[in-house]
1. Mind telling me which of the residues A:LEU2, A:LEU6 ends up being closer than 30 Å to B:VAL204 by Cα and modelled with pLDDT under 85?
2. Residues that are of a type in the set (Val, Ile, Thr) and within 9 Å of another protein chain (Cβ to nearest Cβ): which helices (runs of 4 or more DSSP H) entirely in segment B:304-372 hold 2 or more of them?
3. Of the residues that make up segment B:155-170, is at least one closer than 27 Å to B:ALA93 by Cβ, of a type outside the set (Phe, Trp, Tyr) and more than 12 Å from chain A (Cβ to nearest Cβ)?
4. Among the residues of segment B:213-259, which ones are surrounded by fewer than 24 Cβ atoms within 10 Å (Cβ to Cβ), closer than 27 Å to A:ARG32 by Cβ and not polar (S, T, N, Q)?
5. Could you tell me whether B:VAL78 is in a strand (DSSP E or B) and surrounded by fewer than 19 Cβ atoms within 10 Å (Cβ to Cβ)?
6. State whether one or more residues within segment B:171-183 are without any contact (Cβ under 8 Å) to a residue 40 or more places away in the chain, within 27 Å of B:ALA234 (Cα to Cα), part of a helix (DSSP H, G or I) and of a type in the set (A, V, I, L, M, F, W, C).
7. Pull up segment A:28-65, narrow it to residues that are more than 8 Å from every other protein chain (Cβ to nearest Cβ) and within 20 Å of the chain's Cα centre (by Cα), then point me to the one that is surrounded by the most Cβ atoms within 10 Å (Cβ to Cβ).
Amino acid sequence: MLENYLPILVFIIIGIGFGIGPMMAGFILAPRKPDKEKLSRYECGFEAFEDSRGTFNIRYSLVAILFIIFDLEIAFLFPWAVVMNQLGWYGFISMSVFLGILVVGFIYEWKKGALEWE
Amino acid sequence: MFLDLLWIVVKILLIVLPLMFSVAYLTYAERKIIGYMQVRCGPNRVGPYGLLQPIADAVKLLFKEIIIPSSSNKFLFVIAPILAIAPALAAWAVIPFGEIDVSTTVAGKTTTTQELLVLADIDASLLYILALTSIGVYGVIVAGWASNSKYAFLGSMRSAAQIVSYEIAMGFALVGVLMAASVYQIDPVTDPALVGKSAINLGVIVKSQSGGFWHWYWLPLMPLFIVYLVSGVAETNRAPFDVAEGESEIVAGFHVEYSGMAFAVFFLAEYAVIILISMLCALLFCGGWLSPFEGIPHLEEWFAWVPGLVWLIMKTMFFMFCFLWFRATFPRYRYDQIMRLGWKVFIPVTIVWIVVLAAAIAYELPPWFDQV
């Protein structure tokens, strides 16, 4: 069973190689004449006022948290979906309860305004 | 052992090299098609009909200086393109390209069985693809963070939030596909390749759609199909959902600081994912390598000689064309509209359709879910 995963490991290594290879070629073949202005970060013709890693909108973190919750739900739904045909009504009803709780949470965050962007 | 490994590498290159070729000519097709849609010619100077344009682009990028900004995190800056391309390529390991007949001779007796034409025949292939397409977002975040530039940072924030939002709708759409495929009873006589596999295997999903194009999941799962296709466009940050690149406001988004080959690797990853999503649309909703004329008298026999791979590629090309078509047609969405569409439209639609689908399967709705 596990040997089926060997090609995947090899593929990941080759994928990394396809990332490293062109970059190495670029570093070797391309000219390299750095100067202070060229290496400064992109800004519209002036020095950046501050470090860019300051504050950012909290909504991005909120989206990330909501994503984790919903992605977990999907991870729970996957195995159920595969065998739902064998589970019959028992599986259907228990998943309905689970989805119902999920929907209640979804409505709550909707009404709380967590999904609003302005 | 060594020969086995070499054989695996050869098979991987048989996937990756045509993929790279497709990526190169997808960029050519994009410029040519959008050009014609806007009554222009598109590239037509390098080679006949501009056919050598992608090669010229690659050579140009190869000889451009890779600039590493002095205020960036050098290590993360270099690692980000690799983080983007490795999962975009590795996801192809579990894509089935069709079925082949394999003959084995044991003690003078030749037996022919069918096998899936796939590199790694693992059971959880759909889960693996979901996992690897999720990893792609790390490349975007790391690139934006390591650049230490406002535009790159804003672009990566937008892009990451958008990708994870549409990931949810995409996941729910996949749950619907799995539910529909779980009805399929694997017959060891007609499907020897699928014995012992469950509905989470892409091969089973394709075979469960056999019986004519009205059995393909685009019809019974129409809302999920549309959600999946649109989410795929949003997931790859393509127009009309390309605010993360928004060239008029944040110049190019997360890869604004990247030049030369470092940029080219991001570019390769983006287009490899576009082709991957197109192929997944074909596999999950449009019958994969199954002939569209299945079950139609006369037409089925006339086109029986066409290999399944040709159908799969034609379907994939149709979806790739859709990606370009959308870009030429639709105006760009505003960011709040994108998030509203993802969270307030797609997620409710998919949840409702999962419940509808569960009921349809429970009542064995013909012609799709009646168990023979």
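1. None of the other options fit; the residue is A:LEU2.
2. B:347-362
3. No, because not a single residue in segment B:155-170 is closer than 27 Å to B:ALA93 by Cβ, of a type outside the set (Phe, Trp, Tyr) and more than 12 Å from chain A (Cβ to nearest Cβ).
4. Correct list: B:VAL251, B:ALA252.
5. no
6. yes
7. The residue in question is A:LEU62.
Listed here are the residues, each with its yes/no results for (1) more than 7 Å from every other protein chain (Cβ to nearest Cβ); (2) out of contact with any Lys or Arg (no Cβ under 9 Å at 6 or more places or on another chain).
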site	(1), (2)
A:GLU73	yes, yes
A:ALA81	no, yes
A:GLY100	yes, yes
A:TRP117	no, no
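The values are calculated or read from the model by the stated rules, or taken from the named source; none is laboratory data. As the structure is a computational prediction, the values presented were derived from the model and not from experiment. Every residue, glycine as well, gets a Cβ built from its backbone with ideal geometry; the counts of neighbours run over all protein chains shown.
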